[in-house]
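A.B. asks: Okay, here's the structure, questions in a sec.
Read-outs throughout are calculated quantities, based only on the coordinates presented, and are distinct from any laboratory measurement. Everything quoted here is computed from the prediction, not taken from an experiment. Using ideal geometry, Cβ is built from the backbone for each residue, glycine included, and neighbour counts are taken over all protein chains shown.
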Amino acid sequence: MSIDVTTARRVAKLARIAVDEEGLPKLAKELSGILSFMEQLNEVDVDNVEPMTSVTPMELKRRVDEVTDGGQASAILANAPNTKEGFFAVPKVIE
Amino acid sequence: MTELSKLTIYEAREGLKSKTFSSVELTQSCLDSIAAAKVLNTFVHHTPELSLESANSSDLRIAKGEAPSMCGIPIGIKDLFCTKGIPSQAGSRILSGFIPEYESTITKQLWDSGAVMLGKLNMDEFAMGSSNETSVYGDVINPWKEKNNAKNLTPGGSSGGSAAAVAADLCLGATGTDTGGSIRQPAAFVGITGLKPTYGRCSRWGVVAFASSLDQAGPMTKSVTDAAIMLEAMAGHDPKDSTSANIPVPCFETFLTGDIRGKKIGIPKEYRIDGMPDEIEALWSDGITMLKAAGAKIVDISLPHTKYALPAYYVVAPAEASSNLARYDGVRFGHRAALSPGDGITEMYEKTRSEGFGEEVQRRIMIGTYVLSAGFYDAYYNRARKIRTLIKKDFEDAFSLGVEAILTPATPSAAFGLGEMKDVDPIAMYLNDIFTVPVNLAGLPGIAIPAGLDKKGLPLGLQLIGKPWEESELLNTAFALEQAIAFSDKPEKWW
């Protein structure tokens with residue numbers, strides 16, 4: 001599968017990474033190269049093989065549904081680029 | 001007292017116990033060595049005051065006779081581990097200025113066992129790389145050089161700073177993490193020991209995530225014994241990591257008898273790849289001969305899906321990375337791009353991620369995004385997960401034949417020159433991990449130990465792969481091989 005500039009633009013958009021138009025052909029070429037390397041996987045018969053979900057068989061741990069943590073708003077906000085009145089601040093989202 | 005930093009953890013522990021020197025003296029020796037080795041670019045965040053303070057409290061603990069296993073031992077921490085109050089950037093620009101409000105479980109356990117923090121170690125950005133050239137801090141330089149050649153070599157990656165710092169005797173040991181070979185490949189490139197434990201042995205809590213189903217932290221040390229000592233301090237169940245195994249942590253050190261008589265060691269034919277240098281082939285044969293001489297039974301085995309491990313890995317790991325790295329969006333921590341008038345939240349995400357992530361990380365996020373996108377999920381991601389099942393089964397089949405460990409080369413080459421891979425296809429760089437990646441896909445423990453020097457005078461490593469949760473046995477086999485190889489070369493000091 002080869003990736004064209006349109007697909008590269010779409011992937012960059014989905015990944016929320018700004019790539020300028022001049023950068024797209026190179027990106028498309030690199031992604032195509034990596035994907036063609038992955039094409040080898042089509043040689044393998046995977047009929048009736050379960051996809052791996054957990055490499056070590058283990059049950060998902062459960063615990064009592066209760067509050068075990070909290071009350072640390074200032075620690076959570078400590079590394080934020082912008083905060084306002086105890087909230088994360090971002091550019092306006094709603095018109 | 002710069003000589004003290006050359007000690008192994010085992011030797012230093014004896015010296016501290018017998019009061020031949022103090023942890024403050026030992027730590028100062030490491031700090032002096034670090035200050036004199038700036039050119040290697042291993043330590044990227046320094047904590048000298050904290051180091052001496054905790055060395056001092058370790059000395060007090062030793063004086064009181066309550067010395068836990070790592071008491072007073074100075075170590076370096078890969079920048080991937082969150083350390084409270086100390087910058088933790090995962091080698092990325094996007095986490096510039098990030099100072100964690102919490103401590104990773106592994107580092108907390110290390111400090112509880114008395115280890116002394118020397119600072120944070122350079123690494124490939126988000127642990128994505130095999131040469132430590134994707135770091136925001138710049139390249140790490142391998143302390144080893146080719147004979148009569150001044151060119152700078154890579155220490156490997158992603159734990160390149162950890163590897164170089166241990167090899168250059170700047171610290172007694174270091175933490176590393178291994179998603180596809182990031183402990184074992186750099187260990188092999190600098191002639192030290194690197195252990196990737198069984199998936200689930202060490203808690204991932206507080207370790208910046210790359211590919212959660214593959215990531216596993218482990219020790220990078222000067223000997224197998226040191227790896228055993230340090231692993232014990234790092235390992236253990238953690239309720240904060242849902243994939244952390246609730247099984248007892250043995251005293252790994254007590255298993256190091258060197259007695260491997262009757263043990264069945266498998267030699268996988270698929271690891272004999274085309275174009276492998278003769279020297280690596282010879283090193284591998286020597287390893288086989290040594291294990292045989294130690295009384296092990298050598299058997300040929302087949303791991304038929306080996307060749308599919310790398311392509312499967314480069315679907316699964318980027319897929320998980322694209323999801324894990326979605327959190328770096330300029331909202332809660334780290335870098336946020338300066339915005340132009342009229343920019344909304346989407347522009348903020350896109351500009352922040354474009355500025356904050358390096359080229360390789362962007363490439364992997366986009367590959368991951370693509371293989372998970374509608375219409376391709378089954379063709380790539382699900383297929384790769386099925387192949388992962390088959391790769392794990394290959395190992396299980398070998399173990400069911402009574403094989404207790406598998407011997408392979410650690411890397412397909414010795415360390416290469418920095419910059420040499422810059423203009424080649426990314427796939428060429430990925431091939432570095434050809435012998436290590438299957439172990440992560442199968443969740444198994446693997447250890448790289450130094451096995452000799454090539455014609456140019458560079459170290460080469462061998463890898464032993466063990467059964468799940470049997471690090472004790474694996475370490476003992478590695479110990480027997482280490483004794484037989486008796487590798488004692490050190491890089492000639494030029495820095």
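A.B. asks: Explain nothing, just the number: relative contact order of the stretch B:307-384, from Cα pairs under 8 Å at least 6 residues apart, as a whole percent. Could the numbers behind the result be given before it?
C.D. replies: Numbers: 67 pairs, mean separation 35.4, N = 78.
Relative CO of the stretch B:307-384 lands at 45 percent.
A.B. asks: Once the Cβ-Cβ distance between B:Ser323 and B:Cys251 is put in as r, and R0 is 35 Å, what FRET efficiency do you end up with, to the nearest 0.05?
C.D. replies: It comes to 0.40.
A.B. asks: Using only helices, what value at 222 nm comes out for chain A when you add -39,500 (n - 2.57) per DSSP H run of length 4 or more and divide by the total residues, to the nearest 500 deg cm²/dmol? Write out the running numbers ahead of the final one.
C.D. replies: Working: 3 runs with 30 residues, N = 95.
Rounded to the nearest 500, the figure is -9500 deg cm²/dmol.
A.B. asks: In square nanometres, what is the average projected area of the Cα convex hull of the stretch B:328-372?
C.D. replies: 3.5
A.B. asks: Greater than 21 Å separation of Cα atoms is the criterion. Which listed pairs, B:Lys19/B:Lys108; B:Lys147/B:Lys269; B:Lys222/B:Lys297; B:Lys19/B:Lys120; B:Lys108/B:Lys196; B:Lys196/B:Lys392, meet it?
C.D. replies: B:Lys19/B:Lys108; B:Lys147/B:Lys269; B:Lys222/B:Lys297; B:Lys19/B:Lys120
A.B. asks: Report Rg (one decimal) and Dmax (nearest whole number) for chain A, counting Cα atoms only, units Å.
C.D. replies: According to the Cα coordinates of chain A, Rg and Dmax are 22.5, 57 Å.
A.B. asks: For the pair A:Glu66 and B:Leu401, how long in nm is the line joining their label points, each one 7 Å along Cα→Cβ?
C.D. replies: That separation, rounded to one decimal, is 5.3 nm.
A.B. asks: Share of antiparallel DSSP beta bridges in chain B, in percent to the nearest 5?
C.D. replies: 70
A.B. asks: Follow-up. Could you work out how far helix A:24-38 tilts from the main Cα principal axis of chain A, as a 0 to 90 degree angle to the nearest 10?
C.D. replies: Roughly 70 degrees between the two axes.
A.B. asks: Given q = 0.05, 0.11, 0.12 Å⁻¹, what are the Debye log10 I(q)/I(0) values for the protein assembly as shown, with equal point scatterers placed on the Cα positions and solvent ignored?
C.D. replies: Debye output, listed in q order: -0.20, -1.02, -1.22.
A.B. asks: I've got another one for you. What translational D, rounded to a whole number of µm²/s, comes out for chain B from Stokes-Einstein when the hydrodynamic radius is the Kirkwood one over Cα pairs, at 10 °C and 1.306 mPa s?
C.D. replies: In µm²/s, the coefficient is 71.
A.B. asks: Does the stretch B:307-384 classify as rounded, prolate or oblate by the C-alpha gyration tensor (a ≥ b ≥ c root eigenvalues; a/c under 1.5 gives rounded; else a/b over b/c gives prolate, otherwise oblate)? Show your work: numbers first, answer last.
C.D. replies: Working: a/c = 3.16, a/b = 2.29, b/c = 1.38.
Judged from the Cα gyration tensor, the stretch B:307-384 comes out prolate (a/c at least 1.5, a/b above b/c).
A.B. asks: List the aspartates and glutamates whose alpha-carbon lies under 17 Å from that of B:Lys151, not counting same-chain residues fewer than 8 positions away?
C.D. replies: B:Glu133, B:Asp139, B:Glu420, B:Asp454, B:Glu492
A.B. asks: Restricting to DSSP loop positions (anything but H, G, I, E, B) with no more than 16 other Cβ atoms inside 10 Å of their own Cβ, which GluC sites (Glu not before Pro) remain in the stretch B:103-199?
C.D. replies: B:Glu146
A.B. asks: Take B:Thr346, project a point 7 Å from its Cα along the Cβ direction, then tell me which residues of the stretch B:368-403 have their backbone nitrogen under 20 Å from it.
C.D. replies: Only B:369-370, B:373-374 fall inside the zone, counting backbone N under 20 Å.
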